[in-house]
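As structure tokens, the structure follows; a few thoughts come after it.
The values are calculated or read from the model by the stated rules, or taken from the named source; none is laboratory data. Note that the coordinates shown come from a computational prediction; the quantities given were computed from them, not determined experimentally. Backbone-built Cβ (ideal geometry, glycine too); neighbour counts: all protein chains shown. Note: accessible area is taken over every heavy atom of the protein model, side chains too, but ligands, DNA and RNA are not part of it. Shrake-Rupley method; radii C 1.70, N 1.55, O 1.52, S 1.80 Å.
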Amino acid sequence: MDKGLCVNPVWPCAMTGACSVLAGISGLDVLIHGSSGCYYYPRSLLKVPLFCTYLLESEIVFGTTGRLKEVVDGLSSADRPVAVLNTCIPALTGEDLSGALENKNAVLVDAPGFLGNAEEGAKTAYDCLGIKTDSSRNGVNIDGVSLLDLFWRGNLHEAERLLRLMDIPVGVRLAKDRYADLRKGAALHTVSVNPSYPSGVGTMLGSFLFTDVKDTCANLAETFPDADIEPVLEEWRRADEQMFYSSDKYLRKYEPPVAAVCAQESYALFAKTMLERYFGAEVPVVLARNRDAAHIPCETDLTKIVREISAAGPDLILGSTFEANAYPAASFLGITPPDRSRVSIAARPIAGIEGGIMFLENVLNTLIDAASHTKK
């Protein structure tokens, strides 16, 4: 086994990633088969109802299937299917949990923490759900919706809005939909609001991140000849012009920032491109959280992350509270969890046109606040 799989202080494990997919699906109870610690971490991070078997030492020694059956039977009285999430200790003992779930309305998701990072767990959850496409399902699926994402609610609303503007119906929302609808099948084509959480369902037509919107609209127009993409493109052009105008006002007074970006690859590349496009910023540090990142290095060892950021001496950090606390000399904007710098209740997007505007607005305000504090 890869010894590096378990050394990961800044990013959730595979079990939490699987939980972030399953817990977003309504009409499905999520049961964590493990200790109280394995329950409380995703429960506090995702802030949604979860269930747990709360395994004790004696059950680990003598077998956990009896406890699992007992809890599943209790949940089954609610007449909802149950997703059973396996955790590290039961996985290591090698018990046959599938046998314990025979004749139960349950699906076993074997995604213990040592399987990898959150993205590996999310993929395992999707594989176990087995969502198929159906040619009779109209429209486009919205992919990349994860409860781990700080922006998932805003992203979903913005993606639905853009598709309505183009007169393209929404197929299913992955993974923020009803379990019964997911079982009926998804549309043949998909767009994503966060490509670092791919479900693998449907043919991908592109991302709704601001830097990708025009290409994705072109793909949608080719796939759906009756769609009208011009309202979205016109809105994109107006937003682009406004963001250049606002950034230019800042640059008349201040120097372009030096920035460090640490996030999932999709958000990290988006942030880097936006900073370079509108500020002419220098971005010497761009690190991904997900191990399958194709274009930038993945790094989840906090010591190494801090070393790279300190060497660059940035004015601005886009990342999590880990980076903010480790290098407090820079101003900070949270784009990946955990972000304890602010209270976030509203549905804030980072995808779509409104997401692009919101991102740049937050960068501008963060830089201006830092500059005003420096003057004092």
Being open to solvent by less than 10 Å² (accessible area, probe 1.4 Å), in contact with a helix residue (DSSP H, G or I) (Cβ under 7 Å, 6 or more places away or on another chain) and closer than 22 Å to Ser26 by Cα is the requirement here; does Val145 meet it? yes
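Which of the residues that make up region 132-142 are surrounded by 24 or more Cβ atoms within 10 Å (Cβ to Cβ) and either within 20 Å of Gly17 (Cα to Cα) or at pLDDT below 95 (or both)?
First, the residues of region 132-142 that are surrounded by 24 or more Cβ atoms within 10 Å (Cβ to Cβ): 140-142.
Passing the criteria: only Ile142.
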Return yes or no: is Asn325 free of Cβ contacts under 8 Å to residues at least 12 places away in the same chain and within 23 Å of Thr211 (Cβ to Cβ)? no
Residue pairs within 6 Å by beta carbon, gap of at least six or interchain, first lying in region 247-267 and more than 15 Å from Ser320 (Cβ to Cβ), second of a type in the set (Phe, Trp, Tyr), listed first then second, are Ser247/Tyr278; Ser247/Phe279; Pro256/Phe279
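Could you tell me whether region 35-58 includes any residue that is open to solvent by less than 60 Å² (accessible area, probe 1.4 Å), charged (D, E, K, R) and out of contact with any Ser or Thr (no Cβ under 7 Å at 6 or more places or on another chain)? Break it down stepwise before answering.
Let us first name the residues in region 35-58 that are open to solvent by less than 60 Å² (accessible area, probe 1.4 Å), namely 35-39, 42, 45-46, 48, 50, 52-53, 55.
Going one step further and asking which of them are charged (D, E, K, R), we end up with none.
No, region 35-58 has no match at all.
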Quick check on region 355-374: of everything there that is more than 14 Å from Gly334 (Cα to Cα) and of a type in the set (S, T, N, Q), which residue is most open to solvent (accessible area, probe 1.4 Å)? Thr374
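The rows are residues; the columns are (1) open to solvent by 70 Å² or more (accessible area, probe 1.4 Å); (2) within 27 Å of Gly200 (Cβ to Cβ); (3) at pLDDT 90 or above.
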{"residue": "Phe62", "(1), (2), (3)": "yes, no, no"}
{"residue": "Thr65", "(1), (2), (3)": "no, no, no"}
{"residue": "Ala83", "(1), (2), (3)": "no, yes, yes"}
{"residue": "Asn86", "(1), (2), (3)": "no, yes, yes"}
{"residue": "Leu97", "(1), (2), (3)": "no, yes, no"}
{"residue": "Leu108", "(1), (2), (3)": "no, yes, yes"}
{"residue": "Gly116", "(1), (2), (3)": "no, yes, no"}
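Considering only region 123-168, how many residues are of a type in the set (A, V, I, L, M) and more than 17 Å from the chain's Cα centre (by Cα)?
To start, the set of residues in region 123-168 that are of a type in the set (A, V, I, L, M) comprises 125, 129, 131, 140, 142, 145, 147-148, 150, 156, 159, 162-163, 165-166, 168.
Imposing the further condition that a residue be more than 17 Å from the chain's Cα centre (by Cα) reduces the set to 129, 131, 140, 162-163, 165-166, 168.
Residues meeting the conditions: 8.
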Has region 213-232 got at least one residue that is surrounded by fewer than 21 Cβ atoms within 10 Å (Cβ to Cβ), under 19 Å from Asn155 (Cβ atoms) and basic (Lys, Arg)? yes
